[in-house]
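First up is the structure itself, then whatever we jot down about it.
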Amino acid sequence: MTSSSTSPRPKWVRLGLDLVSLRLVVTAAEELSFAAAAQRENTSLSAVSRRVAEIEGRIGITLFDRRDRGVLLTDAGKSF
């Protein structure tokens with residue numbers, strides 16, 4: 001009998017998160033703007049918004065306070 005040497009999957013993988021979505025969240029947090037994050041990551045604003053919303057839905061926490069001009073991080077978003 002040999003034991004499997006596979007390591008446990010990271011928590012973000014178990015939650016169904018992917019690196020692209022996580023990178024977009026970090027970029028949006030740095031830019032405080034989904035539009036600026038989209039431009040910086042060479043993707044569409046709708047893709048950034050959708051991926052952020054999907055992450056928020058999966059973890060059950062609001063990460064960003066959406067404003068007319070950009071976004072602000074919530075306390076949970078700062079911790080995330």
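The values are calculated or read from the model by the stated rules, or taken from the named source; none is laboratory data. Quick caveat, the model's predicted, so the values are computed rather than measured. Note that each Cβ is placed from the backbone with ideal geometry, even for glycine, and that neighbours are counted across all protein chains shown. Surface accessibility is based on the protein's heavy atoms, side chains included, excluding ligands, DNA and RNA. Shrake-Rupley method; radii C 1.70, N 1.55, O 1.52, S 1.80 Å.
A residue that is on the phi > 0 side of the Ramachandran plot and either touching a strand residue (DSSP E or B) at 6+ places or on another chain (Cβ under 6 Å) or at pLDDT below 95 (or both) occurs nowhere in the stretch 44-59. One residue stands out in the stretch 16-36 among those that are within 17 Å of T62 (Cβ to Cβ) and assigned to a helix (DSSP H, G or I): the one that is most open to solvent (accessible area, probe 1.4 Å), namely V26.
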